[in-house]
Amino acid sequence: MNRNRKLDWYLIGILVLSAFLFGWGIWDAGNANSYYTAAITSMTQSWHNFWYGAFDPAGFITVDKPPVALWLMAILAKIFGVHGWSIVLPSVLAGIGSVYLMYQLLTSKFGPWAGRIGALLLAITPTVVANNRTNNMDAILIFALLLAVYILSRAVSKKNFWLVLLSFALVGISFNIKMLQAFMILPAMVLYYWLAIKVPWKKKLTWLVGGFASLAIFTLAYPTAVDSVSKDNRPYVGSSQSNSLLELAFGYNGTERLLGQSTGKGGAFPGMGTTTKKNSKSNSNTQNAEMTAPTGQAGQMPAGGPGTNGGQPGGNGQKPTGVPTGAGGQKPTNAGPGGANGKTGGPGKNAKGGGAGGIGSAFAIGSAGPFRLFQADLGSQIGWFLPLSIIGGLSGWFAFRNRKNKWYQFTDQQKEVLLWTGWLVPIYGFFSVAGFFHPYYTIMLAPAIAALTAIGVVAVKKLLPAGGQKAIWAKGIITTGILSTVALQAYYAWSYYPVIAVILMIVALGLSAWWWLPSQKLHRVKIILSALVVTVLAGWWALTPTIAHNSAAIPFAGPSLLAKSGSQDMMGSSVDTKLLSYLEDHQGQAKYLAATADSNSASGYIIKSKKAVMAIGGYNGTDPTMTLTQFKQLVTSGQVRYFISGGHSKSSTGQIGKIIAWVEANGKKVNYNNSQSTSSNSAKGGMQASTTLYDLSEAK
């Protein structure tokens, strides 16, 4: 056996391209997702905070996810310091690793060109690029899941029990990155394992049981360890309603994602699924009301922090909605895909930025249904190669079959098709019906789309030279793939580049016709041109976050990012420097620099000061962390002296509403500035205009 395998220079080029797309400009990442950056800042200060994923340096409350991905970020931040690039770097590396794993998974069964194509498509999928430039968990989750599948494929080929255990253990570890989202690929893994591994069925079943035992151990080890600790000796589990990590997994991060968010006192988030004509009028009214809210970087949730009128993460259990507008805080123009009129299902005129509920919005998820992922809201992020993946899966299934086999006997290549189809279908189904998720979650579909598309390409390449009926089928598949893919991509691009969209369709029609002309010697040229035509727009879309140096809290890709480069204010990252200076000068012996209603109000101050700021209600401002009586005790004991009031009001329900009402009734308003204060990040929209600081030292 030749151990000196030649380098695949195509792969090297794809990895270099990936590094550029994911990593270029991350030195301008700023605070990226300030919610998680605040946690990373806190986690670098003590092992206690590190272990629990504490949001604040005092370890009062955790973030809304387990901390495995944050551990990686915190380790690098401890080594290099808390910088935008250091907290984003783990996602960049995970993204490059995912591209490499895709190459390895496909090459082993379909040859190097399948691996190259799959790796390239994964690298230039717009939502993949946007995700891999942030400190959200999704990039690391995708890498962990692809690694689990890769190890399972090795377990199957080597018939190795320990590798089976390891592959399922990695899914359990992935659960502790983003909880039940990791389990979406389990049906594919189980199906593939059962069909592909060639051992006696009793051993096969025993090994599978062992795999599930490994899955259970690595899934439950951390949550049960946390939940078993006395609640007085650990932080409150953020976004849970019973201070339990397991409840968080199956509630806020579980069934509520499917049925629609209702954490706290109920109520779904505005902007979700508002693309039908029936709802467009009411949605337009809601969005017009939100136009007074502060604006921020495209694709980012508005700061729910001090002074926001829009993002009010409290009261009815809703996350801050505000207006996640186009780049540079621009209000949306007319109605485009996700324009201001609520019709997010299709393109419109001059839609250069996403309005509330529009492209780039935290809640731009279109209308539930089987074609939701083709709608402009989600499709512009993930749908570019969806037609090719569907066609590719079918083509691969029939092209790699063995006619001598019975219907229940599959070739090794068909088993791979089943693996990736098993990944695609359940996740496609979830996103088609789910009540609440952010558009960037659709990165979960990217590996399956890339793999099935690559398999389809090599399947057609196999059929084309055969001549006769097979060649006719191959040409039909090619032209169908070109026309459907380019038509969909032109639909996404129409609002921004209508002329280019028309030109691309004309080119696609001409190229499709050319495939049917008798010119055998030009097949290679046709293949290259076809590849360019179906990838050019997606590649451009994917390039926009890189050009803009964008590392958004709510990552997305699109031309509106180019209106203003760089990562501007994130949710909660805006800091009133004069307010912060006052607090630092007058904190005295208080444990907390200040208290706030929610995490977004606190995150910027934690990052800037490296001091503890209490987010009483957690991310949404609805977590029942304490009663009014308990808060009064903190004030009386001198642990809390100041309260920053902004996005919430005393009309908020639950304990947070009672606490705010008591603060406003008994606290003394502090004139810390003597004039209108400004944000240290030069935020637009008057984010600090309604900020009120209360001194509680004399409160009763």
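For the stretch 366-375, name all the residues that are in contact with a helix residue (DSSP H, G or I) (Cβ under 6 Å, 6 or more places away or on another chain) and farther than 14 Å from His438 by Cα.
Pro370, Phe374
Between a residue in the stretch 469-490 that is within 26 Å of Ala376 (Cβ to Cβ) and open to solvent by 10 Å² or more (accessible area, probe 1.4 Å) and any residue that is at pLDDT below 95 and among the charged types (D, E, K, R), which pairs come within a Cβ distance under 8 Å, given they are 6 or more apart or on different chains?
Hits for this filter: zero, empty list.
For the stretch 207-234, how many residues meet the condition of being touching a residue at least 12 places away in the same chain (Cβ under 8 Å) and among the acidic types (Asp, Glu)?
1
Given the structure, is Gly510 surrounded by 17 or more Cβ atoms within 10 Å (Cβ to Cβ) and either in contact (Cβ under 8 Å) with a residue 40 or more places away in the chain or more than 22 Å from Ser389 (Cα to Cα) (or both)?
So Gly510 fails the test.
Within the stretch 182-195, how many residues turn out to be open to solvent by 30 Å² or more (accessible area, probe 1.4 Å) and within 21 Å of Lys109 (Cβ to Cβ)?
5
Determine if the stretch 537-554 includes at least one residue that is closer than 20 Å to Ala446 by Cα, in contact (Cβ under 8 Å) with a residue 40 or more places away in the chain and open to solvent by 30 Å² or more (accessible area, probe 1.4 Å).
Yes: one or more hits.
Which of the residues that make up the stretch 37-77 are farther than 21 Å from Ile26 by Cα and in a helix (DSSP H, G or I)?
Those that are farther than 21 Å from Ile26 by Cα and in a helix (DSSP H, G or I): Ser42, Met43, Trp47, His48, Asn49, Phe50, Trp51, Tyr52, Val68.
Out of the stretch 221-242, which residues are closer than 21 Å to Trp47 by Cα, open to solvent by 60 Å² or more (accessible area, probe 1.4 Å) and not hydroxyl-bearing (Ser, Thr, Tyr)?
Residues satisfying the conditions are Lys231, Asp232, Asn233.
Residue check: is Val156 open to solvent by 10 Å² or more (accessible area, probe 1.4 Å) and modelled with pLDDT of 95 or more?
yes
Could you check the stretch 78-134 for helices (runs of 4 or more DSSP H) lying wholly inside it with 2 or more residues that are modelled with pLDDT of 95 or more and open to solvent by 10 Å² or more (accessible area, probe 1.4 Å)?
84-110, 112-123
Among the residues that make up the stretch 164-181, is at least one of them open to solvent by 40 Å² or more (accessible area, probe 1.4 Å), of a type in the set (A, V, I, L, M), closer than 25 Å to Phe437 by Cα and in contact (Cβ under 8 Å) with a residue 24 or more places away in the chain?
Yes, the stretch 164-181 contains at least one residue that is open to solvent by 40 Å² or more (accessible area, probe 1.4 Å), of a type in the set (A, V, I, L, M), closer than 25 Å to Phe437 by Cα and in contact (Cβ under 8 Å) with a residue 24 or more places away in the chain.
Taking the residues in the stretch 141-170 that are β-branched (Val, Ile, Thr) and in contact with a Gly (Cβ under 9 Å, 6 or more places away or on another chain) as candidates, determine which candidate is nearest to Leu21 (Cα to Cα).
Looking at residues that are β-branched (Val, Ile, Thr) and in contact with a Gly (Cβ under 9 Å, 6 or more places away or on another chain), I get Ile142.
Just give me the residues in the stretch 636-651 being at pLDDT 75 or above and either surrounded by 15 or more Cβ atoms within 10 Å (Cβ to Cβ) or not in a loop (DSSP other than H, G, I, E, B) (or both), in sequence order.
Thr636, Gln639, Val640, Arg641, Tyr642, Phe643, Ile644, Ser645, Gly646
Considering only residues that are among the small types (Gly, Ala, Ser) and modelled with pLDDT under 95, which ones fall in the stretch 397-430?
Ala399
Confirm whether Ala148 is open to solvent by less than 10 Å² (accessible area, probe 1.4 Å), within 18 Å of Ile26 (Cβ to Cβ) and in contact (Cβ under 8 Å) with a residue 12 or more places away in the chain.
no
Every residue, every condition in (1) among the hydrophobic types (A, V, I, L, M, F, W, C); (2) part of a helix (DSSP H, G or I); (3) closer than 17 Å to Asn31 by Cα; (4) in contact with a helix residue (DSSP H, G or I) (Cβ under 9 Å, 6 or more places away or on another chain), yes or no:
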{"site": "Ser574", "(1), (2), (3), (4)": "no, no, yes, yes"}
{"site": "Leu579", "(1), (2), (3), (4)": "yes, yes, no, yes"}
{"site": "Asp585", "(1), (2), (3), (4)": "no, yes, no, no"}
{"site": "Tyr592", "(1), (2), (3), (4)": "no, no, no, yes"}
{"site": "Gly604", "(1), (2), (3), (4)": "no, yes, yes, yes"}
{"site": "Asn620", "(1), (2), (3), (4)": "no, no, no, yes"}
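Determine, yes or no, whether Asp56 is among the charged types (D, E, K, R), buried (at least 24 other Cβ atoms within 10 Å of the Cβ) and in contact with a Ser or Thr (Cβ under 7 Å, 6 or more places away or on another chain).
yes
Here is a yes/no grid of residues against (1) at pLDDT below 70; (2) farther than 21 Å from Thr62 by Cβ; (3) out of contact with any strand residue (DSSP E or B) (no Cβ under 7 Å at 6 or more places or on another chain):
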residue	(1), (2), (3)
Ile197	no, yes, yes
Thr206	no, yes, yes
Val209	no, yes, yes
Ala225	no, no, yes
Pro235	no, no, no
Ala249	no, no, yes
Lys277	yes, yes, yes
Asn288	yes, yes, yes
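Quick check, is Gly393 out of contact with any strand residue (DSSP E or B) (no Cβ under 8 Å at 6 or more places or on another chain) and within 24 Å of Ile478 (Cα to Cα)?
Taking the combined requirement at face value, the residue satisfies it.
What number goes with the only condition from (1) assigned to a helix (DSSP H, G or I); (2) open to solvent by 20 Å² or more (accessible area, probe 1.4 Å); (3) charged (D, E, K, R) that Lys198 does not pass?
Lys198 satisfies all of (1) assigned to a helix (DSSP H, G or I); (2) open to solvent by 20 Å² or more (accessible area, probe 1.4 Å); (3) charged (D, E, K, R) except (1).
Scan the stretch 12-29 and report the pairs whose first residue is under 17 Å from Trp540 (Cα atoms) and whose second residue is assigned to a helix (DSSP H, G or I) and among the basic types (Lys, Arg), with Cβ atoms within less than 7 Å and a gap of 6+ or a chain change.
These pairs meet every condition: Ile14/Arg116.
The values are calculated or read from the model by the stated rules, or taken from the named source; none is laboratory data. All values derive from a computational prediction rather than experimental measurement. Note that we place each Cβ from the backbone using ideal geometry, even for glycine, and neighbour counts take in every protein chain shown. Areas reflect the complete protein model, heavy atoms only, side chains present, ligands, DNA and RNA absent. Shrake-Rupley method; radii C 1.70, N 1.55, O 1.52, S 1.80 Å.
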